[in-house]
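Here the structure is laid out as structure tokens; the discussion comes afterwards.
The values are calculated or read from the model by the stated rules, or taken from the named source; none is laboratory data. All of these numbers come straight from a predicted model, not from anything done at the bench. Methodologically, a virtual Cβ is constructed for each residue, glycine included, from the backbone with ideal geometry; neighbour enumeration extends over all protein chains shown.
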Amino acid sequence: MQGCDPKLMALIHTYTEPYVNPIELKLFSSRLQAICDEMGGVLRRSAFSPNIKDRLDFSCALFASDGSLAAQAAHIPVHLGSMAYTMKALVASRDWQEGEVLVVNDPYLGGTHLPDVTLVAPVYEQSDFSAERRLLGFVANRAHHANIGCETPGSMPLSRTIKEEGVLISPSLLRSGFASGGALLSCGTTIDALLYTKPSVLSGDFAAQLGANELAVARLRQLAESYGYSRYETAVAELNRYAAALAGSAFAEIREGTYRAVDYLDDDGFGSGEVELALTLECSAAGLSFDFSASSDQVEGNLNCPEAVAAAAAYYCHCCLLPEGAPLCAGLFEGVEVRTRPGSLVNPLFPAAVAAGNVETAMRLVDLIFRALADALPQRIPAASQGSMNNVAMGVSHPSMGWDYYETLAGGEGAGPRADGRNAIHTHMTNTLNTPVESLEYHYPLRLTQYAIRRGSGGAGTHRGGAGLLREYEFLQPATLSLLTERRRLAPWGLAGGEAAALGENHLNGKLLSGKGTYSVEAGDRLLIATPGGGGWGRPI
């Protein structure tokens with residue numbers, strides 16, 4: 001165990017039973033994590049679209065037999081936190097059979113937004129089909145699809161209802177159980193048009209998701225067999241107990257009290273003006289309570305954020321307070337409570353539009369939480385990062401000549417008490433990459449004419465905020481363009497006397513655009529996105 005944090009080792013010794021010794025527990029946690037990593041590797045290498053193979057807009061996780069989180073890869077925080085928050089309810093909603101695969105993207109049932117489609121498969125112990133088999137757990141992966149049946153290319157429109165955002169997939173069987181032949185199933189004409197290229201032939205990205213799950217099912221079964229099923233279940237329980245103790249040690253380091261913060265989104269794209277986000281954070285040795293109930297009512301546009309996504313933001317910020325190496329399992333979140341108000345921005349009522357809630361509102365919730373925590377942990381919390389994923393969607397809707405492109409853009413990281421913020425990096429709830437220039441120009445009728453760090457856009461301070469980036473696209477044919485961006489009116493704030501960062505800007509042929517909108521473009525038009533920087537920390541020297 002050379003190189004491990006001494007605090008981690010002490011907690012392992014204190015909170016584990018003799019039959020799962022500290023070294024075994026650490027190895028067990030790493031082996032679960034390795035399955036998630038391998039699942040992600042298979043998905044990336046076998047996928048077709050740049051969203052998955054280049055931008056890495058996907059996530060993988062393992063769950064226990066009751067749907068509680070057992071392990072996850074370090075993929076997309078907003079994906080994984082939302083799955084961890086709602087998987088128990090999804091698992092309990094049906095009687096599972098070996099070999100089944102469930103497909104779902106419903107944001108009101110633990111999804112994020114419609115382009116993020118999740119495949120879930122149960123894992124049973126190896127035995128004869130006629131015998132009683134033990135359910136060991138579940139594997140799941142979630143990946144972003146640029147075409148989810150939306151009329152607007154890229155499936156990230158400026159929308160008023162979820163029906164305008166694409167095809168909603170309620171939990172549906174994609175494949176039957178092995179006892180019934182394990183055949184691919186019809187999910188309905190509209191859904192099948194997205195999933196299948198022809199009957200019983202999955203499209204490339206969905207086939208990659210299915211293959212990644214199949215590998216994870218085999219790996220998890222092998223792991224459980226190598227331990228023995230009872231010992232495997234004991235190890236999962238002990239891992240959760242250790243994680244809960246580790247979280248408890250983090251809670252104890254936070255100054256007890258009630259902290260409040262308010263922040264504002266620019267607008268909903270339909271003239272709402274500033275939209276309020278409010279948090280009351282209660283910190284004690286028993287845990288953290290995040291109360292978002294005072295936030296604005298749900299809005300006409302698609303900044304509405306499903307409750308599972310709000311919980312994901314809270315989970316992510318909690319994890320940021322833990323030492324490196326903490327196992328990402330259900331025990332880690334036992335002391336975390338999330339409260340929302342139905343009908344509010346962070347718990348909208350169906351059929352409210354939610355496409356940007358997953359990407360823009362989630363990012364700003366992290367800023368909000370850190371702003372509240374800054375009073376409790378003044379020497380640990382950074383200034384605001386760019387606060388937007390800078391969503392760019394474009395393409396052409398045509399049966400034979402159509403194309404869909406989507407990406408999020410990096411920006412400045414907020415400076416902290418010990419270091420400057422990093423330049424042009426994806427932060428917080430996104431953990432993706434920008435599409436490489438070569439991939440973008442190979443797959444789409446686009447040319448990238450500028451891709452550079454936006455010098456001077458970070459906030460000044462004792463530690464300077466990170467700079468955003470400049471990315472300019474030239475359209476080689478007419479297309480439809482959609483932008484969902486934030487921090488175009490309200491700048492990322494600094495901390496401890498640090499200055500705010502530069503606002504983001506969107507330009508089409510030199511003309512300044514609003515933060516959200518849909519536009520028709522012609523061949524030769526140029527779109528320039530200048531992403532926000534990060535706030536500075538400490539008074540400038």
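Side notes on the structure shown:
- Of the candidates 43, 80, 32, the single residue that is in a helix (DSSP H, G or I), of a type in the set (A, V, I, L, M), under 30 Å from residue 404 (Cα atoms) and modelled with pLDDT of 95 or more is 43.
- Of all residues making up segment 374-399, the number that are over 16 Å from the mean Cα position of the chain (by Cα) and surrounded by 22 or more Cβ atoms within 10 Å (Cβ to Cβ): 10
Residue-by-condition table, conditions (1) part of a helix (DSSP H, G or I); (2) touching a residue at least 40 places away in the same chain (Cβ under 8 Å); (3) closer than 18 Å to residue 305 by Cβ:
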| residue | (1), (2), (3) |
| --- | --- |
| 364 | yes, yes, yes |
| 368 | yes, yes, yes |
| 371 | yes, yes, yes |
| 375 | yes, yes, no |
| 398 | no, no, no |
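- Only one of the numbered conditions (1) of a type in the set (Ser, Thr, Tyr); (2) assigned to a loop (DSSP other than H, G, I, E, B); (3) at pLDDT below 95 is not met by residue 316, and that is (2).
- Among residues of segment 28-84, those that are under 23 Å from residue 229 (Cα atoms) and of a type in the set (Ser, Thr, Tyr), counted: 4
- Answer residue from segment 433-456, given it is surrounded by fewer than 21 Cβ atoms within 10 Å (Cβ to Cβ) and among the β-branched types (Val, Ile, Thr) and is farthest from residue 476 (Cα to Cα) among those: 453
- Matching option when the condition is without any contact (Cβ under 8 Å) to a residue 60 or more places away in the chain, more than 29 Å from residue 524 (Cβ to Cβ) and not aromatic (Phe, Trp, Tyr), among 438, 499: 499
- For segment 250-279, the set of residues classified as assigned to a loop (DSSP other than H, G, I, E, B) and more than 15 Å from residue 372 (Cβ to Cβ) consists of 253, 266, 267, 268, 269, 270, 271, 272, 273, 274, listed by residue number.
- Hits in segment 286-311 - residues which are small (Gly, Ala, Ser) and closer than 20 Å to residue 261 by Cβ: 287, 289, 293, 294, 295, 296, 310, 311
- Criterion: in a loop (DSSP other than H, G, I, E, B) and either of a type outside the set (A, V, I, L, M) or buried (at least 24 other Cβ atoms within 10 Å of the Cβ) (or both) - qualifying residue of 459, 517: 459
- Qualifying residue in segment 481-490 (condition: more than 27 Å from residue 113 (Cβ to Cβ) and not β-branched (Val, Ile, Thr)): no
- Of everything in segment 338-359 that is part of a loop (DSSP other than H, G, I, E, B) and hydrophobic (A, V, I, L, M, F, W, C), the residue that is surrounded by the most Cβ atoms within 10 Å (Cβ to Cβ) is 355.
- Boolean, residue 512 is assigned to a strand (DSSP E or B), modelled with pLDDT of 95 or more and under 19 Å from residue 412 (Cα atoms): no
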